[in-house]
Amino acid sequence: MAAMSTDSTGTAARDGQPTTGPGDSAFVRACRRQAGPHTPVWFMRQAGRSLPEYREIRANVGMLESCRRPELVTEITLQPVRRHGVDAAILFSDIVVPVAAAGIELDIVPGTGPVVAQPIRDADDVERIRPIGRDDVPYVDEAVTTLVAELGDTPLIGFAGAPFTLASYLVEGGPSRTHARTKALMHGDPQLWHALCARLAEVTLAFLRVQVAAGVSAVQLFDSWAGALSEADYRRYVLPHSTTVLSGLADAGVPRIHFGVGTAELLGAMGEAGADVVGVDWRTPLDVATRRIGPDRAVQGNLDPAVLLAPWPVVEAEVRRVLEEGRAAPGHVFNLGHGVLPETDPDVLTRVVALVHELTATGRS
């Protein structure tokens with residue numbers, strides 16, 4: 001048997017010759033602002049939503065239950081990789097999974113989203129959120145371990161919800177358009193707010209560390225609702241806790257992605273939280289976003305998900321525009337500006353992947 005060694009990227013080498021692997025993939029290289037064979041592409045919410053095979057396998061199985069079945073998690077995560085040829089898989093899960101594991105009673109109601117049985121109102125409620133570890137989410141550990149073996153050279157992205165977005169669900173009791181209760185707590189009782197977010201940061205960091213230990217190649221922190229805040233409020237009430245999570249993974253050896261929606265005015269602050277890549281929604285051109293984020297971080301995004309419902313010439317033109325704007329960044333991961341819409345034709349996603357690869361195969365387009 002030929003001798004095996006490991007190169008500086010952690011990629012296995014045979015007889016002194018580097019071989020490809022998830023740590024040297026186009027996706028990971030772009031996250032690290034390194035040149036690669038093409039601009040990598042994956043889609044938020046690619047694991048499910050628009051795929052008929054996803055709807056079939058999820059039939060009569062609740063969302064939380066699906067996230068707790070390793071065999072389902074594995075199959076759903078692999079489906080878009082097989083169908084679309086994306087450059088990375090993302091673990092099928094939900095941002096409230098670690099919160100449920102931490103002792104909060106909740107359910108994910110179809111058509112509504114997470115609904116919390118007893119919303120957070122006081123310090124005693126915060127104390128109900130207990131620390132978690134690998135033994136609290138064994139299904140995640142098992143699914144990631146299985147997926148890493150199945151995916152081979154394709155990297156797997158782990159993920160979690162950011163403290164602010166989780167806190168919003170817990171305080172509001174479910175999804176909210178105004179986040180009124182959340183903001184009232186932030187401003188009215190900052191001590192309780194910071195205690196809540198500090199506890200959630202611990203849970204989130206522990207949840208991501210389980211995924212890293214099991215073998216994910218990158219992690220993404222979703223702060224879906226951060227765009228509801230002003231920059232001043234973000235810096236005071238949110239940034240310290242997102243920084244706790246992202247800086248807590250500084251020694252993990254995997255790229256860290258930070259994403260929120262409606263965050264145009266927050267991009268500079270989000271870039272300070274400790275991520276290697278900042279996700280950008282469709283509202284802000286990537287070249288503008290890069291100026292706000294700075295030259296030390298790659299960007300991810302940012303095709304409007306609704307564009308995928310338009311005729312193909314429109315889709316192609318928009319893909320080209322996003323790639324052109326992404327040239328200003330030191331590293332670019334092509335993605336949508338938010339998640340795949342359920343009514344998206346899967347064949348269009350497949351064509352987008354092929355187009356991005358074709359346009360960037362000989363270098364950045």
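Since every read-out is calculated from the coordinates, none of them should be taken as a lab result. What you see is a predicted model; the values in this text were computed from it and never measured. For neighbour counting, all protein chains shown are included, and Cβ atoms are generated from backbone atoms with ideal geometry for every residue, glycine included.
A few points about this structure:
- The Cβ shell under 11 Å around A289 holds other residues with a net charge of +1, Lys and Arg each +1, Asp and Glu each -1.
- Inter-label distance for V314 and H194, nm, one decimal - labels placed 7 Å from Cα along Cα-to-Cβ: 4.8
- Alpha carbon centroid spacing (whole Å) that separates the stretch 60-126 from the stretch 221-289: 22
- Top of E343, E325, E316 by mean-square fluctuation, Gaussian network on the chain, Cα under 10 Å: E343
- Full-stretch length increase - H187, A149 - with 0.36 nm per residue and alpha-carbon distance subtracted: 9.0 nm
- Shown here are the Rg and Dmax of the Cα trace of the stretch 37-360, at 18.7, 56 Å.
- Taking a span of 18 Å or more along the helix axis (Cα atoms) and a mean Kyte-Doolittle hydropathy of at least 0.5 as the rule, the DSSP H helices of the chain that qualify are 138-151, 190-214, 346-360.
- Cβ-to-Cβ counts within 10 Å put S217, S247 in ascending order as S247, S217, the fewest first.
- Neighbourhood net charge (14 Å Cβ-Cβ; Lys/Arg +1, Asp/Glu -1) for Q118: -4
- Antiparallel content of DSSP bridges confined to the stretch 37-360, in %, to 5: 15
- Counted by Cβ distance under 9 Å from A143, the other residues give a net charge of -2, where Lys and Arg count +1 and Asp and Glu count -1.
- Charge dipole (debye, nearest 20) of the stretch 37-360; +1 at Cβ of Lys and Arg, -1 at Cβ of Asp and Glu: 400
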